[in-house]
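The values are calculated or read from the model by the stated rules, or taken from the named source; none is laboratory data. Owing to the predicted nature of the structure, the values given are computational and were not obtained by experimental measurement. Don't worry about glycine lacking a Cβ; one is built from the backbone with ideal geometry, like all the others, and counts go over all protein chains shown.
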Amino acid sequence: MQVLHITEPQHVVEGPGPDPADPPYVVMPYVDEMQYAYAAADFVICRSRAMTCAELAAVGLPAVYVPLPLRGGEQRLNAEPGDTGTPARLEARPASTGPAGLSQVAVP
């Protein structure tokens, strides 16, 4: 297993320490060519922006959507079960964007 954690340029996220037992963990502020990230992925944990949901449905990747609880909750609506076209779970708990928050979402 390996982790590619894509943040936004304004967010700084520290990956876990260099423990040899941990999987490789790469943090990037942005990816220009997402098709390569999707091609390498088996599973995605992400916010549920409209284009993200559409892209994941197009490539058929299973996902856990963690909607950002702002602006009237439209991200939650984007990820409603059945609307994404892929195996997906809608995570109601807000998660931190660091490794600890991601592990809370990935492990039920």
Wholly enclosed helices (runs of 4 or more DSSP H) of the range 18-108 bearing at least 2 residues at pLDDT below 85 and closer than 19 Å to Met1 by Cβ:
99-106
Of all residues being in contact with a strand residue (DSSP E or B) (Cβ under 8 Å, 6 or more places away or on another chain) and surrounded by fewer than 16 Cβ atoms within 10 Å (Cβ to Cβ) in the range 25-36, which is farthest from Val12 (Cα to Cα)? Just the residue, please.
Val31
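Go through the range 11-51 and count every residue that is within 19 Å of Leu68 (Cα to Cα) and without any contact (Cβ under 8 Å) to a residue 12 or more places away in the chain.
Of the range 11-51, the ones within 19 Å of Leu68 (Cα to Cα) are 11-13, 29-30, 44-51.
Cutting the leftovers down to without any contact (Cβ under 8 Å) to a residue 12 or more places away in the chain gives us 12, 51.
So the count comes out to 2.
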Within 21 Å of Leu90 (Cα to Cα) and not aromatic (Phe, Trp, Tyr): which single residue out of Val31, Val44, Val26 fits that description?
Val44
